[in-house]
């Protein structure tokens with residue numbers, strides 16, 4: 001989905017609970033209370049940013065290609081480090097992997 005296109009969800013009763021999922025990851029239920037504001041704006045964010053994912057991929061590629069061209073098995077072995085790090089980061093932060101962040105503007 002395009003980042004600039006909002007998703008509008010009409011709610012018929014007060015105190016709804018919303019949950020965001022991508023089919024595998026799921027957020028904690030968030031209870032909305034309509035006392036002061038009739039509209040809530042949220043941004044769905046991931047614990048791993050695009051920049052972090054790109055940088056870890058670059059480290060992985062550099063280590064693997066370095067190992068492939070030099071023949072050093074140690075570099076090829078170290079190239080699994082970023083994948084293992086990201087998997088451990090996910091499993092230790094599984095409940096907060098996808099978050100709803102309020103947009104204040």
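Rule-based calculations on the coordinates, nothing more; no lab input. These numbers were taken from a predicted model, which means no experiment stands behind them. A quick note on method: Cβ atoms are made from the backbone with ideal geometry, for glycine too, and the neighbour counts reach across all protein chains shown.
Of the peptides 9-22, 88-101, the ranking by mean beta-carbon count within 10 Å, highest at the top, reads 88-101, 9-22.
Built from the Cα atoms of the chain, the convex hull projects on average onto 8.9 nm², one quarter of its surface area. On a 0 to 90° scale, report how tilted helix 81-92 is relative to the longest principal axis of the chain, with both axes built from alpha carbons and the result rounded to the nearest 10. Value to nearest ten degrees: 30.
Sorted fewest first by neighbouring Cβ atoms within 10 angstrom, 40, 54 come out as 54, 40.
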